[in-house]
1. Mind running the shape call on the stretch B:266-305? Use the C-alpha gyration tensor, a ≥ b ≥ c as the square roots of the eigenvalues: rounded below 1.5 for a/c, prolate if a/b tops b/c, oblate otherwise.
2. Give a quick list of GluC sites (Glu not before Pro) in the stretch B:1-85 that DSSP marks as loop, anything other than H, G, I, E or B, with at most 12 other Cβ atoms within 10 Å.
3. Kindly identify the stretch A:32-99 as rounded, prolate or oblate by the Cα gyration tensor criterion: order the square roots of the eigenvalues as a ≥ b ≥ c, call it rounded if a/c is under 1.5, otherwise compare a/b with b/c, prolate if a/b is larger, else oblate.
4. Threshold 40 Å², probe 1.4 Å: give the residues of the stretch B:295-328, in number order, that are less accessible with all protein chains present than with their chain alone.
5. Taking all protein chains as present, what is the carbon and sulfur share of the accessible area of the stretch A:229-308, in % to the nearest whole number, probe 1.4 Å?
6. What order do B:VAL122, A:VAL196 take when sorted by accessible area (1.4 Å probe), most exposed first?
7. Percent relative contact order of the stretch B:481-596, based on C-alpha pairs within less than 8 angstrom and at least six residues apart?
8. Aspartates and glutamates near A:LYS316 by alpha-carbon distance under 18 Å, same-chain residues fewer than 8 away left out - which ones?
Amino acid sequence: MARNPSTYRSGLWIDWCPGCGNFGIITAVYKAFSELDLDPSKTVVVGGIGCSGKTPHFINVNGVHSLHGRAIPFATGIKLANPELTVVVNGGDGDILGIGMGHFIALGRRNVDITVIMHDNGVYGLTKGQAAPTLKRGIKTKALSKPNIQDAINPIAIALSAGYTFVARGYSLNIDHLKELIKQAISHKGASFIDVLQPCVVYNNIYTREFYSERIYVLDEVGDWDPEVKSERVDEMMQKIDQAWRRSLEWGDKIPIGIFYKNPNYSTFEERLSMEVPTYLEKPPAKQVITTSEGRPIFTGDVFREFFSKYIIRTKNNRR
Amino acid sequence: MNEDELILMIGGPQGSGLETTAQILTSSLAYSGYGVISDREYYSNITGRHSYIHMNVSPHRIPLDLTYPVKLLGAMDAETIFTHFNDLDKGGFVIYDRSVRGRKLDSIVSMPPITKSRIREVLEKLGIGRDAGSLIDYLVENRGITGVELDFRSFLKDISNKFGIVSTQATRYTSSILVGALAGLIDIERDAIEYGLRRRFGSREKLIKHNIYLIDKVSRQVSEEYGTPMKLPPSKLNVGELLVASGNDIIAMAKVVAGLRFQSYYPITPAADESFFLETYNNFGDKGSILVIQTEDEIAAINSAIGAALAGARSATATSGPGFSLMVEGFGWAGINEVPVVITYYQRGGPATGLPTRGAQSDLMYSLFASHGEFARIVLTSGDHIEAFYDAIEAFNLAEKYQVPVIHLLDKFLANSIVTMEIPDLSSVKIDRGEIVDGGPGYKRFDLSKTISPRAFIGSSAVMWYTGSEHDEYGHTNEDPVFTARMYEKRMEKLDIMDKEIPLDLRIRYYGEKNPDYLLVGWGFVKNTCLKAIDNLKRKGLKGGYLHLRMFMPFPVKYVEEILEDMDISRVIAVEHDYMVQSALAISLFTGIRIRNSIVKYNGRPIYVHELTEAIEKVLSGEDNRVVLTYGA
Ligand SMILES: Cc1ncc(C[n+]2csc(CCOP(=O)(O)OP(=O)(O)O)c2C)c(N)n1
Ligand code: SF4
Ligand SMILES: [Mg+2]
């Protein structure tokens, strides 16, 4: 029997503001983990820093509350050292697309099997409401003294160009839909990204529950929407990226949520590593025994000599 | 100086094959049984700027120190002669191409204007014209130097005709002309040269054949004309095998032995070659493999290495100052989370890009205190390739045993110098991973019942949390005032435990006789230079000691106090590659004893034995209590 969603609650009091969209996200996470029946000891949630970054503490699986912007490198190290683990990143829009942008791109390029859930509230919640990279130009949220003069980032378009092979958007208050996205993202083989629209009830008085509920529509409900690349053909991949990219530009009266793009046929970083070292998946870094039972290195003197023979010179006259 | 040792130099533009030349010479000489150190000095440039290889070859020891003057100077170009003519010893030899004679100092575009005007002044003072020919004539007439003038073009033409090599390709053999000339003067036997070539070029038979032909021809011509004036006495080193490796190589080899399983890096001089090496030697078949990953920046390098350590892999990253600057926040995270991660830190001249390809020891204090907040860390340094090998292994043992981040602090001098050494003895090497448990339900990663809590990996049967914030025993954020202090103390108390437990030999060494007339204090690459200088002065009746500092955190307070309290402090001299004499600052910080004499160098070039010896005499005579060394090009 699958684990109950409540078994994934860490039991800690969740110190988000009442009504915060993050509650919807974490509820969807509990449900998704439960339906996937993830083993808590083989699952890791890595958080950045921010209101969203605290997420790992509230979940009863391994949790790493890392540094501002650095959740992805931590997650990458964990996953590559032990690819058997299910690794999920929860970070803010400031965290992932501001200070951590370089890592966000790098994860797409590598296509490591990690799921990134971005809490997109348009603001830096924990530092009291400054503009996040997803806040549109000209918008003045509560805490800003003047309208924002920097253009916003389009997270979906960036994820597509970075190489993520699963790109979706969810809405934190559409919990069941979000849960499905999270399940699919985790089940997807490769780097997956979910941009989760998340009302911040304290600092974002523009992108509110009302704002979203009037605009959001579900891509799946659009007649012939099919985000998935079914073959290894480059033209099909390009066509699917192209349609996803066009949809990602919609931000006005209508805002799409759902899966924008999905390509299960693209090589993951883990697969690329296995091409080079065939034993990689079976014996990844964290699972290798590096010492003999007597606490000695696996490399004995003889093995050393053989392995590094290129660096050893047998001298001409003084052969022992 | 040791009369039977040979100091030689080859210089030329970057990209002209100097490194290959040095490799071939080093292997050939090692094959003949000689001890060799070969230092490479170069600019941050791929093609065209002046670089040189400075070698010390010994028939009776394995040299790890460098000195001047040189007996042999092989010049690929005029710039080498202008740059190094003052480095040549009386009775020395300069090998050059006929065409450089006409080259004027002012026409050498690759030489920086400041260097040019400095050399111009010297030439003017000596009354020498500004062309290389006049300078060579001066050296021959006034300094007893022999000019070995060769016609590079005719040699190249010859091999190009003989083997049908297009002439533009033939220029690639220019450096072999120098090898040939040196082989002639030193009398390196043909089989040794062939051995050196084979090691460098593997199975590229054609290349080997062409080179042998050329080297043979040059060497015969040179020894016919000049004899073998630099012939080395037969080796007295009783070694059957020698390992030939740069500092980067030896650290990488050590990491393989240590059981490193995850190495992340972002390319930077002089650290990247270590990761290159590991990328090449990362697969040991049934004995395992290392995952080496080039990350998007150093921030990702340290943080992914930490992630891998949390999952249970022995993990490390290698970098230099600018890279470490980016790593510092992650380093602090490793501190508060008690993560065993090793940072191999090769110092170079700073700040900022500083002297990107030159050496320094100016990051000592930085390593000791980098990161906001306090936490237990280890800062371990190594004096030479041999020490560095064992230390690199021990760095992982200490990191895991005490669950602390470890900085293994090295420098460019070590990184880029190639030395011959005895093959490390692995029979006494141990792997100590500390207390590792499987965790299980209710596991507390930061269990306070032990200062060093048993460690379970993420992926074991336990569920655990980590946070960069102050935390409780489970790893959840906690700021309770009473509890916070306890957790803080748990982390800091490790410094005392490590101080008590870590063997002294790993932390400090004393070389020399008891009750010396004077004492040098140093660390890192100055070690062997100090030892050689002391050896030189011994012949003058001065009895010296050398206190070799190895671990700066935790600092071996008691031992240093005992040694220094026994000494007349006016006879103690700190030797270091920086301005502030940071090791002396560290000593006064930790022991309250202030060393007032210093010999420092901060121009990016290694400290040489000859200048150090002089400087010691100057300090001991009371003439000066601070000597700033500057020798080198
Ligand atoms: C290096 C660094 N700079 C700044 C901060 C301060 N800081 C904490 S949270 C935060 C922004 C959080 O915004 P976001 O990532 O969008 O997360 P949210 O709180 O909105 O969920 C900042 C700038 C920090 N912790 N570290
Ligand atoms: S500040 Fe905003 S994002 Fe942060 S917890 Fe409160 S409502 Fe949520
Ligand atoms: Mg935010």
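The values are calculated or read from the model by the stated rules, or taken from the named source; none is laboratory data. Remember, predicted model here, so these are calculated numbers, not experimental data. Please note: Cβ atoms are built from the backbone with ideal geometry, for glycine as well, and neighbour counts cover all protein chains shown. Areas reflect the complete protein model, heavy atoms only, side chains present, ligands, DNA and RNA absent. Shrake-Rupley method; radii C 1.70, N 1.55, O 1.52, S 1.80 Å.
1. Since a/c reaches 1.5 but b/c is at least a/b, the shape of the stretch B:266-305 is classed as oblate.
2. Details: sites: B:GLU3, B:GLU5, B:GLU19, B:GLU41, B:GLU79; in loops: B:GLU3, B:GLU5.
Hits after loop and neighbour filter: B:GLU3.
3. On the way: a/c = 2.26, a/b = 1.45, b/c = 1.56.
Oblate shape, in that a/c is at least 1.5 and b/c is the bigger or equal ratio.
4. Flagged in the stretch B:295-328: B:GLU296, B:ILE299, B:ASN303, B:ALA311.
5. That share works out to 57 percent.
6. B:VAL122, A:VAL196
7. Relative contact order comes out at 28 percent.
8. Within the straight-line limit of under 18 Å, A:LYS316 reaches these aspartates and glutamates: B:ASP187, B:GLU189, B:ASP191, B:GLU194, B:GLU241, B:GLU422.
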